[in-house]
Amino acid sequence: MATGARTESGNFVVDMVCDVCRVEGFEVEKNAQTGDSPNHFVDILASRKKGKKVQKVAFECWEGTSQVEGRQVEKFAARLKSLGIQSGIYVSPKGFGGNAEFMARKLGVELWDLAKLKERVENIKAPERHKVPGTLPVARAAASRLLAHGLANGAFLRLSSMPKLEFRPYFFANFQIDNQRRKLALGVLVFDGVDGRVCDAALFEGHMDDLPSTGFFVDCLEIEPSTGSMPKLPPELEMKNTVTVAPAGVTEDMIRSKTKETVSGHDDATVTGVQLLHIPIVTLEMLAAGKSYRKILQAATGKMIWDDTQKCSLCDQKSRAICEVCGGTVCTEHERTCSSCRKHLCTDCMVTKGIVNKIPLCPTCKNA
Ligand SMILES: [Zn+2]
Ligand SMILES: [Zn+2]
Ligand SMILES: [Zn+2]
């Protein structure tokens, strides 16, 4: 058990260092083997292309309870030399003792103690704060919507990995349609800022038949974007290491012409303004008896964009529960209940006992 706990805390330091590296454009490999010999391992190998050259930095992450001594720094430097890696960083949240600093200076190894590591991590957060305009906060209700949403026994679903939170850019383009100086309609189109797809639309005034509305995003306009810090997450959705900000792949000019294109055929369309908002999108992978499900939530106003659990696995009807034997979703028609343990079952997994009064049972209760 003690070993397990140590590994956990070690991983935590390794994960933090990896985050720092990724933000600075490095690709990272954990526990990387850098030679043929099995002891040619480094905790993290970060590499980044610089012109035609590849810059490589090796990290040693000390997870022990003591300070790192000069001797350890010396060994690390020797290992780097034999691996042909020029830059090495020794990370030790407990700090460095003895002549470690001296050795590090002499051998050209950089040392990161806890303060240094924290400073690096803060540096990652700072640019996100300043660079991401109009970031919407994650709604308090998001967690409950995501987890057991809409199923009688939704708690049977388990998270199979940490939820992913992405702040994704969306362009909100306001348009106006005129016909000979008369205003016919006023509305907004919402575009995915990464690939430029139309993902929602709404009319504020007038009438239009063929608007591509989904209702997933328009109500985000009613939320005040946060300016100060990265939005606080509800505790149920603690996702420290899985928050990313997707870079915009389309420009405002492209959005303006796409808006005109989308509402064309409607006399004169004018784009009256384009606003960029970063909307929190949470992706969950869930498991039920080996079947996996994905849910995607627009987490600013709590709109489910995608939910694999909402359709019956045996037909196209809306699902009501999860079969606790095979993990498939079931609708009212395909749902059965074990008359002994009351488990939810699908028609395929249910077995019966008795010839006349066929009693529905789960396989476990039938064999008991
Ligand atoms: Zn069904
Ligand atoms: Zn089943
Ligand atoms: Zn049963």
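The values are calculated or read from the model by the stated rules, or taken from the named source; none is laboratory data. The structure displayed is predicted, hence computed values, not measured ones. Cβ sites come from the backbone with ideal geometry, for glycine too, and all protein chains shown count toward neighbours. Just so you know, the surface numbers come from the protein's heavy atoms only, side chains and all, with ligands and any DNA or RNA stripped out. Shrake-Rupley method; radii C 1.70, N 1.55, O 1.52, S 1.80 Å.
Just need a number here: residues in region 198-226 that are open to solvent by 50 Å² or more (accessible area, probe 1.4 Å) and hydroxyl-bearing (S, T, Y).
2
Okay, residues lined up against (1) within 16 Å of ligand 3 (Cβ to nearest atom); (2) out of contact with any helix residue (DSSP H, G or I) (no Cβ under 9 Å at 6 or more places or on another chain):
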position: M304; (1), (2): no, no
position: D316; (1), (2): no, yes
position: T337; (1), (2): yes, yes
position: V356; (1), (2): no, yes
position: C365; (1), (2): yes, yes
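Does K30 satisfy being of a type in the set (K, R) and farther than 22 Å from K116 by Cα? Let's see the steps before the verdict.
Values: of a type in the set (K, R): yes; farther than 22 Å from K116 by Cα: no.
No.
Considering (1) modelled with pLDDT of 75 or more; (2) out of contact with any helix residue (DSSP H, G or I) (no Cβ under 7 Å at 6 or more places or on another chain); (3) of a type in the set (A, V, I, L, M, F, W, C), say which one L136 fails and leave the rest.
So the condition that L136 fails would be (2).
Please go through region 182-197 and give me each residue that is open to solvent by 10 Å² or more (accessible area, probe 1.4 Å) and within 22 Å of the chain's Cα centre (by Cα), ordered by number.
Step one: filter region 182-197 for residues open to solvent by 10 Å² or more (accessible area, probe 1.4 Å), giving 182-184, 186, 194-195, 197.
Within region 182-197, V194, D195, R197 qualify.
Please identify the pairs in which a residue from region 324-340 that is on the phi > 0 side of the Ramachandran plot and assigned to a loop (DSSP other than H, G, I, E, B) has its Cβ atom under 6 Å from the Cβ atom of a residue that is more than 10 Å from ligand 2 (Cβ to nearest atom) and open to solvent by 40 Å² or more (accessible area, probe 1.4 Å), counting only partners at least 6 apart or on another chain.
Filtered contacts from region 324-340: G327/G290.
Please work out which residue is modelled with the highest pLDDT, limiting yourself to region 151-174 and to residues that are part of a loop (DSSP other than H, G, I, E, B) and crowded, with 22+ Cβ neighbours inside 10 Å. Even if it seems obvious, please write down each step before you answer.
From region 151-174, those part of a loop (DSSP other than H, G, I, E, B) are 151-153, 157, 160-163; that's our starting set.
Restricting the remaining residues to those that are crowded, with 22+ Cβ neighbours inside 10 Å gives 157, 163.
Working: L157: 86, P163: 78.
Per the criteria, the residue is L157.
Within region 251-300, can you find the residues that are at pLDDT below 85 and of a type in the set (V, I, T)?
none
Considering each residue of region 83-103, count those that are surrounded by 13 or more Cβ atoms within 10 Å (Cβ to Cβ) and not in a strand (DSSP E or B), and give that number.
Number satisfying all stated conditions: 12.
Looking only at region 313-363, filter to residues that are closer than 21 Å to R158 by Cα and open to solvent by 80 Å² or more (accessible area, probe 1.4 Å); which one of those is nearest to ligand 2 (Cβ to nearest atom)?
R320
If you check every pair at least six apart or on different chains, which have Cβ atoms under 7 Å apart with a residue in region 190-210 that is assigned by TED's automatic domain parsing to the domain that holds T259 first and a residue that is open to solvent by 80 Å² or more (accessible area, probe 1.4 Å) and part of a loop (DSSP other than H, G, I, E, B) second?
Pairs found: F191/R197.
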